[in-house]
1. Counting C-alpha atoms alone, how compact is segment 92-168: give Rg to one decimal and Dmax as a whole number, in angstrom.
2. What is the chain's relative contact order, in percent, from Cα pairs under 8 angstrom and six or more apart in sequence?
3. How large is the charge dipole for segment 185-240, taken about the Cα centre, if only the Cβ atoms of Lys, Arg (+1) and Asp, Glu (-1) carry charge, to the nearest 20 debye?
4. Any chance you could list the semi-axes, whole Å, largest first, of the equivalent ellipsoid that the Cα gyration tensor gives for the chain, using √(5λ)?
5. Pick out, from Q171, Q239, V184, the residue whose Cα sits farthest towards the positive end of the charge dipole of the chain, with +1 on the Cβ of Lys and Arg and -1 on the Cβ of Asp and Glu.
6. Just want the answer: with Cβ charges of +1 for Lys and Arg and -1 for Asp and Glu, which residue in L259, Q31, A226 is farthest toward the dipole's positive end in the chain?
7. Taking the Cα centre of the chain as origin and charging only Cβ (+1 Lys, Arg; -1 Asp, Glu), how large is the dipole, in debye to the nearest 20?
8. Using only alpha carbons, build the gyration tensor for segment 134-196 and give me the equivalent ellipsoid semi-axes, biggest first, whole Å.
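Just so it is clear, none of the values below were taken in a lab; they were calculated from the coordinates. If you're wondering where the values come from, they're calculated on a predicted model, not measured in any experiment. All Cβ positions, glycine included, derive from the backbone under ideal geometry; neighbour counts span all protein chains shown.
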Amino acid sequence: MTEAVRHSLDDLLVIMARLRDPNGGCPWDLQQDFATIAPYTIEEAYEVADAIDRKDWHDLRDELGDLLLQVVFHAQMAKEAGLFDFGDVAHAISDKMVRRHPHVFGDESYEDLDAQKQAWDDIKRAERAAKGEQRDDSALAGISHGLPEWKRALKLQERAAKVGFDWPDEQPVLDKLLEEVEEVRAEFAQGRDKQRLQDEIGDVLFVVANLARHAGVDFSQAFRHANAKFERRFRQMEQLARNEGRLLPERDLAEQEALWRDAKRMDKPAS
C-alpha cells in the first residue's frame, strides 16, 4: 500500500487484522483486550468533540478516523473470540436505526419532536422487554451506568423533568447551588470528614449540571471552554514570568496572582 492509494473500510479491517496477527503482528496491539482499549475509546470520543469545538475540520477528519479505529479494534477482538465481527456491528446499528425511525422507514408519523422523543423512549423500553430485561416502570429506567457521571446526572434530571419534577426556572437552582456550597463550607469547618465532603461536593456538582441544563448550556462544552481558558491564561502567566527573568516556581503566591491578573487582562477580548 502506498500514500497514493485511497484506502477503504475493507482496507482498515485488513490492517487491524494484520496488527492482531500472532504471526508477525504488532506486540502492543496483540497484548490488548476490551478492558485495556476501552479508555482509549472514551478518549478518542472526547477528542472528536474537541475538534468540533475548535471548528478544526481537518483535525475532525483525523479524530473520526481514530474513533473508527476503536470500533474496528473492538470488533476484531470480538471476532477472534468468536463473539461477533464488524459486519455484525454494522448490521446491528443499521437495524436499530430503521427500527427506531418508523416515521422515516415506515408509515408512522408524529405531531412534533416531543412526540417523536416519547416514541423513541417507548421503542427502547420495548427493546429492553424483548431482551428479557426485568420490567422497570420508573421514569429513570434504562439510563446507562456506563455514562460519564456528569452526563448521567443530566439524563437523570431530564427524565425527572418529564414527569414534572423540576424547578420552574434558573433562580431556585442558583439558590440551591448557594445552599450546597454553604454545606461544603460547613463540612470543612467541622473537621473535613472525607465521606461527608464527598457527598456535599457531589451535591454541588449535581446542581451545577442542573444549572447548565436550565441555562441551555452544554455542560461538557462549558467545561472544555473553562479548561481551555485556564490553560491559555496559565501559559500566558508563564510567558510573562519568563519575560521578567524569574520563572513561576521562583515567585510566591502573591506574585503569581499578580501575573494571573495580568494574563486575564490580556486575555479578556478572547474570553
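1. Rg then Dmax for segment 92-168, in Å: 14.0, 40.
2. Relative contact order, the chain: 9 percent.
3. 260 debye
4. Semi-axes from the Cα gyration tensor: 40, 33, 20 Å.
5. My answer, from the dipole projection, is Q239.
6. The residue sitting farthest along the positive end of the dipole is L259.
7. Dipole about the Cα centre, nearest 20: 320 debye.
8. 28, 18, 10
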